[in-house]
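Trainee: Got a structure here, written out as structure tokens. Questions coming.
The values are calculated or read from the model by the stated rules, or taken from the named source; none is laboratory data. Keep in mind the model is a prediction, meaning the values are calculated, not measured. When we count neighbours, we look across all protein chains shown, and the Cβ atoms used for this are built from the backbone with ideal geometry, even at glycine.
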Amino acid sequence: MRKKRGNFADLEPLIPPTTLHTIQLNLMAKHVVATVDEIPPGERKIVELEGRSLGVFNIDGEFYAVRNICPHQGAPLCEGRLTGLLESDVPGEYRYTRKGEILRCVWHGWEFDIKTGQSWWNPAQKRVRKYPVEVEDGATVASGLQKGPYTAETYSVSVDQQYVVIDMPE
Amino acid sequence: MKSTREKVPVIDTDIHNTLASPESLHPYLSERWRKHQTMIGGRGHAGSNYPRGMPHAARHDAWPPSGLSPGADLAFMQEQLLDAWDFEYGVLNPLMGGSGLNLEYVAAIARAINDWQVEEWTTPEPRLKASIVVPYEDGELAAEEIHRRGEDPNFVQVLLIARTDEPLGRRKYWKIYEAATQYDLPIGIHFGGTGAGPITGAGAPSYYIEDHGGMPQAFQTQVISLVCEGVFERFPTLKFVLIEGGFAWFPPLMWRLDQSWKKLKEEVPDLKKLPSEYMKEHFWLSSQPVEEPPKREYFDLLLEQLNARERLMFATDYPHWDFDAPDRAFPTSLAPDVKRRIMSDNARELYKL
Amino acid sequence: MDTWDTKPSFVRSDLPLIDCDIHNRVPSLGTLYPYLPDFWVEYCSTSGFGGPEMGDYPGGAPTSALPDTKPEDGPPGSDLELLREQTLDFWEADYGILNCAYWVQTVHNEYLAAALATAANDWQVEHWLDQEPRLRASLVVSSQNPLTAAQEIERMGDHPGFVQVLLPVRSLMPYGKRHYDPIFEAAARHNLVVGIHYGGAAGIPPSPSGWFSTYLEEYAGAGQIFQAQVISLVTEGTFDRFPDLRVALIEGGFTWLASVMWRIDKEWRGLRHITPWIKRLPSDYMRDHLRFTLQPMDAPPDPKQFLRMIGQLDSDDMLMFSTDYPHWQFDSPEEALPMGLPESLMKKILAENAREFYQL
């Protein structure tokens, strides 16, 4: 079942079978997707989790994860350019804040707030799926979180590091 | 969830290939024009520059790892576009070389671009077909180039642009239509160009959104001119493809032209029927950028008014930022037979692929 | 005008009607001499100047005048008696809005243009507004110089007969440019609508691709210039600067509007950062601030489809009845309104939308 999104709810993909998605299950599973060192502030990492592509972003030391599919036409959203929030009340006067916290889609340039997943221009309707992210220390990770792209071997050699962990609805 | 889905063949009617560098054309230029290119280069109607929303107006992910510009790397285009979506064919519309003030130079560049397309694009990648770039502001020089390439199966259309010095129905362009008719080549009118005046009939606007979003104004101009000048009475088999102009403006223009023609037809006695009938008969439209109405029934009505089943042809506009994805371009679900026609049958028939 | 003997079904005592596009015409430059300072009269009579360029309605073109609208002396639309009989009386109109398309904008001498505008407006008061209480008029302004135009709006803006400032759709620059702000500021302050009307001769081509060969192309093709103006007003933030501003688009068609709404809304989603002062969907601004007159109707042949086209505007408030008198747009009065309109929408188009917009 596909869930309604915005106005183009019943889009029917022609070629690959599906890109739009919804996940409605309640259980969460934790996945280790990176070490903290691996994603410095202002950087991102694209990861695969349970067949889904996600972008994990470090904004000033805080981590955020959003689904790597634009709700508009299915572009790999998270490969887009990072920008700030540009606002204006009068033509010619610009207010530029929150640099690096806004993601512009890789194709059409739609702007999404990485922290909330909301689109700038229609936050009520267009939003990208966002996932909770935590930072856990190595000991917790080793004690039995689900494995993400990181292999068990990697855990064992880096058990003293901090890990970026995504709470993934199962 | 649909587990099985019929695969619809796709033909992309608007792909942009570009040069790795200006020197890429050197092998195809004579010594004189190589020198001219290095010394002076192209000169056009200056003063209509609207900086894009993004570098090269390109998709952010269309920059090839090779470091070349978007659209300049065939291998990357194959991987990211042709193979990724499994296209049957793609039509190349290089957006360069057709315009400029020094027409002899423009003709030399157009010729070189066409040779370069065969050598470096359509020969190594037979899924790609090219458009003949012509120095369109000079009918005779343009016709010469059409005669040179008219029977070459690498080419499937003649390429013109929406913003021209004069409306395309005027006599100075008729040699182009005569030559295209001889080889039964459709003529594509593509988004863009710089005419002899400001980019709107109300003067020069300020922003790229007005430039890019206002482009239908130039397309309307060309359709009006081609129809009212009687071009289709003189060249009854001529076919035009309106590329990247959108299409929601097309039905209202039919009605408006018919309305005014009923009162003013004595001014244009060459026209034998309603302007809308010429429009329905002689024009095809590429789909991108697809208008996205707030309700799907609006879009359905538009498709019906356009006779989209016969006249709309899918296009991505790769590698540009306003790219439409084959699986998600249309804000409605198309009936299977309509989908097949729009995604490939219409283009296959028109371009004889 | 044989078919004009019968009144259309929608002319009913219980249906108010406002005609939003009636053309009163300055018969000749000499008509304005009594309203011009002496030195301008002398300049006009010794320079060979014949008045503003008036190529928008070629004299013999059927669209330029309905049969039987020419008074004994003077061009169609120049005689109050005949105009009153053929418009207000015939349609039993509550109000008729005069659009005097006297394009002083084509006069390169801006001070002469301003003087002509002043003269034309004084002439409108004396010969039209003072004579017929059902008429309202539009201010002629030298908008090529917004400062002089604003002065004229200041001078006449509180006259109860004027409800609108009239601008030609063809301009040297699109109207959203801040260059024109003094006009919009003055209009908004005096609670006047700004009407953008077919025509004008700005000296630049009437299209992005040059000059048309025929009048048919220029006339039927004017829609694309209206589109440029609409896009400009929205993207330049004119309606953000003047939140109370109302703009009427006159004699330019309207079925193209939905295509502009969809296209510009889509563009804005990706290009918002270039014009960040636009706070809402561009189409929202259009629905809030723009109104369109009905004639000439760029209507599909199927009336049912026409109703669906009107529905696509997502607003019942945007269309206003007009005859475009004395121009010839429809062959029988019944055709002046789309067929099969639901009663509520018919009422809105016939009068309510205009009454609210022009505050009549």
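Trainee: So, in the range B:202-215, of the ones that are at the interface with another protein chain (Cβ under 7 Å from one of its Cβ atoms) and within 26 Å of B:K280 (Cα to Cα), which residue ends up surrounded by the most Cβ atoms within 10 Å (Cβ to Cβ)? Even if it seems obvious, please write down each step before you answer.
Mentor: We begin by selecting, within the range B:202-215, every residue at the interface with another protein chain (Cβ under 7 Å from one of its Cβ atoms); these are B:202-210, B:212-214.
Imposing the further condition that a residue be within 26 Å of B:K280 (Cα to Cα) reduces the set to B:212-214.
Working: B:H212: 24, B:G213: 25, B:G214: 28.
By that ranking, first place goes to B:G214.
Trainee: When the range B:153-194 is examined, which residues are found to be within 13 Å of chain C (Cβ to nearest Cβ) and either aromatic (F, W, Y) or in a helix (DSSP H, G or I) (or both)?
Mentor: Scanning the range B:153-194 gives B:R171, B:K172, B:Y173, B:W174, B:F191.
Trainee: Given the structure, is C:L281 over 22 Å from the mean Cα position of the chain (by Cα), closer than 30 Å to C:D89 by Cα and surrounded by fewer than 22 Cβ atoms within 10 Å (Cβ to Cβ)?
Mentor: On the way: over 22 Å from the mean Cα position of the chain (by Cα): yes; closer than 30 Å to C:D89 by Cα: no; surrounded by fewer than 22 Cβ atoms within 10 Å (Cβ to Cβ): yes.
Considered against the rule, which asks whether it is over 22 Å from the mean Cα position of the chain (by Cα), closer than 30 Å to C:D89 by Cα and surrounded by fewer than 22 Cβ atoms within 10 Å (Cβ to Cβ), C:L281 comes out as no.
Trainee: What number of residues within the range B:6-21 are surrounded by 14 or more Cβ atoms within 10 Å (Cβ to Cβ) and modelled with pLDDT under 95?
Mentor: Residues in the range B:6-21 being surrounded by 14 or more Cβ atoms within 10 Å (Cβ to Cβ) and modelled with pLDDT under 95: 1 in total.
Trainee: Listed residues C:R155, C:R178, C:R134, C:R189; which is of a type in the set (K, R) and within 14 Å of chain B (Cβ to nearest Cβ)? So that I can check it myself, show each step before the final result.
Mentor: Numbers: C:R155 fails: within 14 Å of chain B (Cβ to nearest Cβ); C:R134 fails: within 14 Å of chain B (Cβ to nearest Cβ); C:R189 fails: within 14 Å of chain B (Cβ to nearest Cβ).
The unique qualifying residue is C:R178.
Trainee: For the range C:251-360, list the helices (runs of 4 or more DSSP H) that sit wholly inside it and hold at least 3 residues that are closer than 25 Å to A:P71 by Cβ; which are they?
Mentor: Once the helices (runs of 4 or more DSSP H) in the range C:251-360 are filtered for at least 3 residues that are closer than 25 Å to A:P71 by Cβ, what remains is C:257-271, C:282-289.
Trainee: Give, as residue ranges, the strands (runs of 3 or more DSSP E) completely inside the range A:34-79 that count at least 3 residues that are within 30 Å of B:P289 (Cβ to Cβ) and either touching a helix residue (DSSP H, G or I) at 6+ places or on another chain (Cβ under 8 Å) or among the polar types (S, T, N, Q) (or both).
Mentor: So the answer is A:52-59.
Trainee: Would you confirm whether any residue within the range C:88-106 is part of a helix (DSSP H, G or I), in contact (Cβ under 8 Å) with a residue 40 or more places away in the chain and of a type in the set (A, V, I, L, M, F, W, C)?
Mentor: yes
Trainee: Still on this structure, please answer the following. Would you check which residues across the range C:218-232 are over 16 Å from the mean Cα position of the chain (by Cα) and more than 7 Å from chain B (Cβ to nearest Cβ) and list them?
Mentor: C:E218
Trainee: B:L82: more than 13 Å from B:V133 (Cβ to Cβ), within 14 Å of another protein chain (Cβ to nearest Cβ) and in contact (Cβ under 8 Å) with a residue 40 or more places away in the chain, yes or no?
Mentor: Answer is yes for this residue.
Trainee: Going by the structure shown, is B:S66 in a loop (DSSP other than H, G, I, E, B), touching an Asp or Glu at 6+ places or on another chain (Cβ under 8 Å), hydroxyl-bearing (S, T, Y) and crowded, with 21+ Cβ neighbours inside 10 Å?
Mentor: Numbers: in a loop (DSSP other than H, G, I, E, B): yes; touching an Asp or Glu at 6+ places or on another chain (Cβ under 8 Å): yes; hydroxyl-bearing (S, T, Y): yes; crowded, with 21+ Cβ neighbours inside 10 Å: no.
So B:S66 fails the test.
Trainee: What about B:L353, is it at pLDDT 95 or above, aliphatic (A, V, I, L, M) and more than 24 Å from C:E267 (Cβ to Cβ)?
Mentor: yes
Trainee: Still on this structure, I have one more. Can you name the residue in the range B:249-264 that is facing chain C (nearest Cβ under 8 Å) and basic (K, R) and is also surrounded by the most Cβ atoms within 10 Å (Cβ to Cβ) among such residues?
Mentor: Checked the range B:249-264; the qualifying residue surrounded by the most Cβ atoms within 10 Å (Cβ to Cβ) is B:R256.
Trainee: Moving on. Take A:G74 and tell me if it is in contact (Cβ under 8 Å) with a residue 60 or more places away in the chain, facing another protein chain (nearest Cβ under 8 Å) and crowded, with 17+ Cβ neighbours inside 10 Å.
Mentor: In short, yes.
Trainee: Is it true that B:A57 is on the phi > 0 side of the Ramachandran plot and at pLDDT below 95?
Mentor: Values: on the phi > 0 side of the Ramachandran plot: yes; at pLDDT below 95: yes.
Here the answer is yes, as B:A57 does meet what is asked.
Trainee: In the range B:107-137, which residue that is outside any strand (DSSP E or B) and basic (K, R) is surrounded by the fewest Cβ atoms within 10 Å (Cβ to Cβ)?
Mentor: Taking the candidates together, the pick is B:R127.
Trainee: Quick one: is C:Y215 more than 7 Å from every other protein chain (Cβ to nearest Cβ) and either in contact (Cβ under 8 Å) with a residue 24 or more places away in the chain or farther than 30 Å from B:P51 by Cβ (or both)?
Mentor: Here the answer is no, as C:Y215 does not meet what is asked.
Trainee: Another question, if that's okay. Among the numbered criteria (1) closer than 25 Å to C:E267 by Cα; (2) in a helix (DSSP H, G or I), which single criterion is violated by B:Y50?
Mentor: (2)
Trainee: In the range B:276-324, which residues are free of Cβ contacts under 8 Å to residues at least 24 places away in the same chain and either under 20 Å from the mean Cα position of the chain (by Cα) or within 14 Å of chain A (Cβ to nearest Cβ) (or both)?
Mentor: B:P294, B:K295, B:E297, B:Y298
Trainee: Considering the range B:69-102 alone, what residues qualify as being within 20 Å of B:E23 (Cα to Cα) and in a helix (DSSP H, G or I)?
Mentor: The answer is B:L74, B:A75.
Trainee: What are the pairs with Cβ atoms under 9 angstrom where one residue, in the range A:86-97, is more than 7 Å from chain C (Cβ to nearest Cβ) and over 18 Å from C:K177 (Cα atoms) and the other, located anywhere, is assigned to a loop (DSSP other than H, G, I, E, B) and of a type in the set (D, E, K, R)? Sequence gap at least six, or different chains.
Mentor: Going by the 9 Å Cβ cut-off, the qualifying pairs are A:R95/A:D89.
Trainee: If you check C:D19 against the conditions, is it under 16 Å from the mean Cα position of the chain (by Cα) and either closer than 24 Å to C:T118 by Cβ or surrounded by 15 or more Cβ atoms within 10 Å (Cβ to Cβ) (or both)?
Mentor: The answer is yes for C:D19.
Trainee: Within the range B:329-343, does at least one residue satisfy the condition of being assigned to a loop (DSSP other than H, G, I, E, B), within 10 Å of another protein chain (Cβ to nearest Cβ) and under 30 Å from B:S69 (Cβ atoms)?
Mentor: Looking through the range B:329-343, at least one residue is assigned to a loop (DSSP other than H, G, I, E, B), within 10 Å of another protein chain (Cβ to nearest Cβ) and under 30 Å from B:S69 (Cβ atoms).
Trainee: When both residues are 6+ apart or on different chains and their Cβ atoms are under 9 Å apart, which pairs have a first residue that lies in the range C:265-283 and is over 15 Å from A:E87 (Cβ atoms) and facing chain A (nearest Cβ under 9 Å), and a second that is assigned to a loop (DSSP other than H, G, I, E, B) and among the polar types (S, T, N, Q)?
Mentor: As it stands, the answer is C:R269/A:N122; C:L281/A:N122, since those pairs meet every condition given.
Trainee: Take the residues of the range B:201-230 that are in contact with a strand residue (DSSP E or B) (Cβ under 9 Å, 6 or more places away or on another chain) and touching a residue at least 60 places away in the same chain (Cβ under 8 Å): which is farthest from B:I342 (Cα to Cα)?
Mentor: That would be B:Q222.
Trainee: Answer yes if at least one residue in the range C:284-307 is crowded, with 23+ Cβ neighbours inside 10 Å, within 22 Å of the chain's Cα centre (by Cα) and farther than 24 Å from C:L166 by Cα, and no otherwise.
Mentor: yes
Trainee: Still on this structure: Taking B:S21 as the residue in question, decide whether it is free of Cβ contacts under 8 Å to residues at least 12 places away in the same chain and among the hydroxyl-bearing types (S, T, Y). So that I can check it myself, show each step before the final result.
Mentor: On the way: free of Cβ contacts under 8 Å to residues at least 12 places away in the same chain: yes; among the hydroxyl-bearing types (S, T, Y): yes.
So B:S21 fits the description; yes.
Trainee: Another question, if that's okay. Give me the pairs: first residue in the range C:61-80 and away from every other protein chain (no Cβ under 14 Å) and in contact (Cβ under 8 Å) with a residue 24 or more places away in the chain, second residue surrounded by 15 or more Cβ atoms within 10 Å (Cβ to Cβ) and among the small types (G, A, S), beta-carbon distance under 6 Å, and six or more apart or on different chains, which are they?
Mentor: Matching pairs, first to second residue: C:P76/C:A65.
Trainee: Here is a list of conditions, (1) crowded, with 19+ Cβ neighbours inside 10 Å; (2) under 25 Å from C:L257 (Cα atoms), and B:D327 meets all of them except one; can you say which number that is?
Mentor: (2)
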